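Only one structure is covered here, and it is reproduced in the block below.
FYI, it's all coordinate maths here, none of it is from the lab. From a predicted model like this one, the values you see are computed outputs, not experimental measurements. Heads up, the Cβs are rebuilt from the backbone with ideal geometry, glycines too, and the neighbour counts pull from every protein chain shown.
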Amino acid sequence: MIYIAKFPNLDFLFNHGHLAPPPLPLLFDSAGNFCWELNSYLTKFGGGANSYGARPSYKTVFSHAETINVFQMFLEHKKKTLLEVDDETLYDFVTHLQDANRANSTTIKRTVRRVLSLLEHTQSENSFHPLMTCAPSANGYQINAIEHYYRRSKQKSLRYLSHPCIEELQDTPVEPISFIRNVELNAWHEAIFEYSTNQFIIDRWYVFSSLLEFTGSRLEEVLNIPASSIINAYEDKDLAKGIPVLKGKYKGFFREVLIPRSELQEIYKFIITTREAHPTCKIHDKILVNERTGRPLARKTFNSYYRKVIESSKHAALLKGVSHHNFRHRYFTILVAKNISKLSRMSRANILDVALSAARKDSFHASIDTLSTYVHLTQDPEIQSILKSHENEADNTSSKLASIAKITESLGKDTTPEAALAAIIKIIEN
């Protein structure tokens, strides 16, 4: 039996899950002319005319478009077209990037490899032109590229292109993971007061910073923490549950995090105040929203917003290298340090492995190897100071509980409830 849909909505066949077609970057030269070769490459790289936006994501396509645009501007400066590029041009391009001092060796190598991918595509579209070859024995070509392979898995090897102009470049060593330090943390909080006098903006900044510091979440994860999870945690005096994991092996899972009571209270007050001003916030259940509309803030908006706050601060120089991700490093460095300290008082056997496993259970890191990058930071004097203050606080609490127990045992039958309560309060206040 055949049924006929008279007005079918088949958008899902073409948008690959997007509610609207993903944006397509188009490149023009400085005179406003459409760059056919460059745009042909971007369309192919983005999946082709029939599957654009499926894979890779349009953000990756934009990243490639920015790289190709840099190369196009360089060619214009040299008064060359894409079909006139040769080995010497690529050497000059590398020198240009180095002189501009805007990219390290690792970035330059990645940039040139993307350009080589563009040139390979252009060669395939213009087979009559001897633009580029990867064959070592071929002669008469303008560009002589090099093919490399690396094994991604036991079954699969990936091909990438290189060139003699970048073969001698040494990858820039990655600096050790660092966390936001106390002096930087204080400057971060103060920055908002020079950016705005609006109390809502100030409170939102505090809430944003507190969620970063005490959940260890990535920026996008912080923006997607349900407001209801904070409300329930505060009212039930419990962990904040439903903290989303939006990246990595455990994408789609949820974490449970203990947020200190004082910070939890401020976040709770902000949510209640926001909901009173914008009742629709109960529907989308987001914490960080636009003051005027009550709509959730997008990642792109907040990513640029925090930079504006920092740049307007008198502490801009101090905070120059600080980003929201440094809060995540701080959280997990302290977490690993706490586990190591706690386990060291129990047993000397396999302390590191057990501590990392415990931290992994909280963090949902894909592997212990990923978490182990935080281990060398646990001996930092500042981390040890933070750890000591936590231990002193815990010891002080234990001491008070013990004193209360002793007083309760020593009280006679004739002691009034008021006198017993006064003695207990005196211990707590001290």
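Classify the stretch 244-302 as rounded, prolate or oblate from the Cα gyration tensor: take a ≥ b ≥ c as the square roots of its eigenvalues, call it rounded if a/c is under 1.5, otherwise prolate when a/b beats b/c and oblate if not. It is oblate, given that a/c is not under 1.5 and a/b is not larger than b/c. Between residue 169 and residue 81, the FRET efficiency estimated from the beta carbon spacing at R0 = 22 angstrom works out to 0.25.
If the segment from residue 182 to residue 241 were pulled out straight at 0.36 nm per residue, it would be longer than the present Cα-Cα gap by 18.5 nm. Each peptide in 157-164, 306-313 gets a packing score, the mean of other Cβ atoms within 10 Å over its residues, and the list from highest to lowest is 306-313, 157-164. For the stretch 45-111 and the stretch 258-316, write down the distance between their C-alpha centroids in whole Å. Using only Cα atoms to place each centre, the spacing works out to 37 Å. Across the stretch 238-252, rounded Karplus estimates of 3J(HN,Hα) from the backbone phi angles (6.51 cos²θ - 1.76 cosθ + 1.60, θ = phi - 60°) give 10, 5, 7, 9, x, 6, x, 10, 10, 8, x, 4, 9, 4, x Hz, Gly and Pro being marked x.
The modelled label-to-label distance between residue 31 and residue 106, using points 7 Å beyond Cα along the C-beta direction, is 4.0 nm. By the gyration tensor of its Cα atoms, with a ≥ b ≥ c the square roots of the eigenvalues, what is the shape of the stretch 288-341: rounded for a/c under 1.5, prolate for a/b over b/c, or oblate? In terms of gyration-tensor shape, oblate. Descending by average beta-carbon neighbour count within 10 Å, the peptides 30-36, 287-293 line up as 287-293, 30-36, the highest first.
Compare the peptides 256-264, 324-332 by average per-residue count of other Cβ atoms within 10 angstrom and give them in order, highest first.
On the way: 256-264: 14.4, 324-332: 21.6.
So the order, starting with the most tightly packed, is 324-332, 256-264.
Run through the stretch 114-156 and list the chymotrypsin sites (Phe, Trp or Tyr not before Pro) located in a DSSP loop whose Cβ has at most 11 other Cβ atoms within 10 Å.
Loop-located and lightly packed - 128.
Percent of Cα pairs in the stretch 193-277 per distance bin of 5 Å, from zero to the largest separation: 3, 15, 25, 24, 17, 10, 5, 1, 0. Determine which residues of the stretch 226-243 fall in the zone a paramagnetic label at residue 301 would reach in this model, i.e. backbone nitrogen under 17 Å from the point 7 Å along Cα→Cβ. Answer for the stretch 226-243: 226-227.
Would you kindly calculate the mean projected area, averaged across all directions, of the convex hull enclosing the Cα atoms of the stretch 67-207, in square nanometres?
With every direction weighted equally, the projected area is 14.8 nm².
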